1. Those residues that are under 16 Å from residue 334 (Cα atoms) and either aliphatic (A, V, I, L, M) or surrounded by fewer than 23 Cβ atoms within 10 Å (Cβ to Cβ) (or both), I need them from segment 398-412; list them, please.
2. Do we have residue 191 as in contact with a Lys or Arg (Cβ under 9 Å, 6 or more places away or on another chain) and either buried (at least 24 other Cβ atoms within 10 Å of the Cβ) or in a strand (DSSP E or B) (or both) here?
3. Going residue by residue through segment 127-149, is there one that turns out to be crowded, with 19+ Cβ neighbours inside 10 Å, modelled with pLDDT under 95 and either on the phi > 0 side of the Ramachandran plot or in a loop (DSSP other than H, G, I, E, B) (or both)?
4. Looking at (1) within 30 Å of residue 169 (Cα to Cα); (2) among the small types (Gly, Ala, Ser); (3) not in a loop (DSSP other than H, G, I, E, B), find the lone condition where residue 316 falls short.
5. Any residue at all in segment 505-512 that's loosely packed, with under 15 Cβ neighbours inside 10 Å, touching a residue at least 40 places away in the same chain (Cβ under 8 Å) and not in a loop (DSSP other than H, G, I, E, B)?
6. Scanning for something among the small types (Gly, Ala, Ser), in a helix (DSSP H, G or I), at negative phi and touching a residue at least 24 places away in the same chain (Cβ under 8 Å), does segment 151-161 turn up at least one residue?
7. Residues in segment 205-260 that are touching a residue at least 24 places away in the same chain (Cβ under 8 Å), farther than 23 Å from residue 355 by Cα and hydrophobic (A, V, I, L, M, F, W, C): how many?
8. What is the number of the single condition among (1) more than 30 Å from residue 224 (Cβ to Cβ); (2) not in a loop (DSSP other than H, G, I, E, B) that residue 545 does not meet?
Amino acid sequence: MLPIKTSPAKETRRRTGLNGSDIGDIEYAQSHHSSSEGSPQKGLLSNAHHPSDKPLDFYTQADAVKAAKSFSGSAEAPSTLAGVVKSGKRSVVLVGGALLGLLILYVMWPSGSSYGYDGVEETEHFVSVSGTQFEMECRPFYVSGFNAHDLVPKSLATPSEHRTVDNKMGLDLIREMFANATKWKMNTVRIYAHTTDPEHPFMEGPGKYNDDVWEAMDRVIDEARRAGLKVMLSFLDNWKYTGGVDEIVDWSKTAPKRKFKRPADTAGDFDDKTLDNKIKEYEVERHALFFTDADAKRIYKENVKYTVLRKNSVNGRIYKDDPTIFSWGLLNEPRCETWKVPECPAHFRAWIEEMANYVKKLDPNHLVSIGEEGFFGQERPEAVHNPADWGGQIGQDFVLDHMPAAIDFATVHTWPDNWQRNDFAYQKEWMNAHMDDAEKRLGKPVLLEEFGKRLIKGKDADVFEKAIDQLRNPVFQTTYTIVTDAIQSGRPLRGVLFWRWDLQVYAGTDPADYGVQVQDTTLDIIKENADQLKVLSAQQPPNVSCKVGCWVPEVHAGTFSTVNRCVNQPSVCKAAAKQVGRGNTLSLSTSPAPVEVYSSQASCCKPGLGAFAEGCSFDA
């Protein structure tokens, strides 16, 4: 492929992100635009010039084709138009205007050879599922990332209204967070698309949405896109009142009116252990109405539709068409307690199937999951693996819940402190039980969507640091070892998200009980795992049946500098495919280092997540 490159002689250079990512690879001349038109890039890529479903920073050769078509039949195309004229298997790409002349690039399309594709590349891709594997760009995609559920309200923090860290805007701190994530080879972040701070509600009533909060969500998603992160979004919460199940039931016109005031939320998940038995039974019964009440289901569907069909105010993309989004989660950690409502599990599973199908009808592009912890129903033999008897009485059944065809992958959470099962042997038992069912009954990937270790910071900083090293770090190390061992042996556990990256936005605040901060030694373990998952993915060639290249890193040491670049070498993928076909175990060995291949030049050159920490060299 001959990419469109920025010439150093032009007035404006390519824009780079904080992680060195190349986010504006367009050539133009300053003389084509007056100062009143704003930036030259804005002039070149105005709404009249580029397809509305693409952000400006990813204006590719494929987009140039669309742009040219939009001007077909015009008497004169604007001088800044990147026009494309197609003839047979050859595309002639015209870049620049009258003052620049015409730069003609011939892009040759392959004629049936495997791994030989060297044509126009898409720069972004949806994650899909094939059997028990996540895939992107026709190759395995292993999820390595973090939960940061409350980023939307944090993005609204301003130094003029709050005492923020380093006097920065919340969104700037999130931008730095995402840049570090990809630099450290993490590829996915999970965020709540529902209220986490009652002062900043996503939904203020049925059909009433807070524009400021949703525009903040737009910005957070776009920052993730720029950094190269995938985003998992959850529609609703089980625990908190605002943005949760109980609020929707109270809004419903068909549910009975509330008799008792709903107990106040406390820090963490809603806890009914201190409630009077009468109130507790009432709340459990009312909570279960969510899965059967007609108007509650209507409100939920209306919220789903608003989210999925929302147009991002930053980049113009409809959410359902945005490859930045990894998946939709139906309901975070759902509960439907059988000790009071015995018929509840059947209602819950019917709700899962109805809502998953509804999401898929609106959005066939993205994956759908539930967001549950993965408890086994009390009638199932696997119930012996639940942390205690109560695990079989909350309405979940890992196997039956994930059976519907519209559920693309299974989720598991593990909370040793909350469950009072801190022994590492149990953590392995819990995960192995789910992998067994995924292999034998579901045939779907499993994602460890949440895990963490609770630590409360006291006044003694040294004691807290020792607690991190001696209590939290072993939990993270054990969990990550389970994940990498599973991937290496071909089991269906395909990734992990820790809970949680505790981004400090407000100065002087203590870390969250489960929060991991960048100065913690835990981060070293997280980075090591992310690097290992990247290595395991990169040594697997793309599916030979796909129209892809075989891009491999190449370092050229010159007299004055070293050039990092990626080259298309089909023979490398063919050899790697033979190794995989022979059943060779994926390797984390550094001697010899495993083969490293990518489906496209763009993915090979992506900073952090590609072959090089800083991406390919400027003129590679």
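The values are calculated or read from the model by the stated rules, or taken from the named source; none is laboratory data. A quick note: this is a predicted structure, and the numbers were derived from the prediction, not measured. All Cβ positions, glycine included, derive from the backbone under ideal geometry; neighbour counts span all protein chains shown.
1. Across segment 398-412, the qualifying residues are 399, 400, 407, 410, 412.
2. no
3. Yes, there is a match, as at least one residue in segment 127-149 is crowded, with 19+ Cβ neighbours inside 10 Å, modelled with pLDDT under 95 and either on the phi > 0 side of the Ramachandran plot or in a loop (DSSP other than H, G, I, E, B) (or both).
4. It is condition (3) that residue 316 fails.
5. yes
6. yes
7. Within segment 205-260, residues that are touching a residue at least 24 places away in the same chain (Cβ under 8 Å), farther than 23 Å from residue 355 by Cα and hydrophobic (A, V, I, L, M, F, W, C) number 7.
8. (2)
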